[in-house]
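Every number in this text was worked out from the coordinates using simple rules, so none of it is lab data. Everything numeric in this text was worked out from a predicted model, so none of it was measured. For neighbour counting, all protein chains shown are included, and Cβ atoms are generated from backbone atoms with ideal geometry for every residue, glycine included.
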C-alpha cells in the first residue's frame with residue numbers, strides 16, 4: 001500500500017492507493033483538516049498513521065459486479 005499527500009483547496013489530503021481483485025488501483029482520499037501553511041510534518045504524521053492503520057486492507061472487492069448470493073456468502 002502506498003500513501004501520498006495532496007493539496008486541494010489549500011488543505012492537505014492523504015491519498016491511499018488500494019488495489020482491487022484485478023490489481024487495479026483504487027485511490028481513497030482522506031481529509032486531514034490541516035491548512036497547507038506550516039503543517040507539512042503534521043500531515044506526514046497523519047499519512048503514516050493512516051498507512052499503518054489500513055495496511056491489512058490492500059484488496060478491495062468489486063461488489064458492483066457480484067451476484068447477491070456471492071455477496072451474502074462473502075459477508
Order of 30-37, 42-49 by packing, highest average Cβ count within 10 Å first? 42-49, 30-37
Quickly work out the residue 11-to-residue 23 label distance, labels modelled 7 Å from Cα along the C-beta direction, and quote it in nm with one decimal. 3.6
If one takes the longest principal axis of the Cα atoms in the chain, at what angle in degrees, from 0 to 90 and to the nearest 10, does the Cα axis of helix 40-53 lie? 20
Taking the Cα-to-Cβ direction at residue 2 and at residue 34 and moving 7 Å from each Cα, how far apart do the two end points lie in nm? 2.1
Per DSSP H run of at least 4 residues, take -39500 (n - 2.57); add these up for the chain, divide by its residues and hand me the 222 nm value, nearest 500 deg cm²/dmol. -8500 deg cm²/dmol
Which whole-number percentage describes the relative contact order of the chain, with Cα contacts under 8 Å and a sequence gap of 6 or more? 30
For the chain: span of alpha carbons on each principal axis (Å, largest first): 51, 23, 20
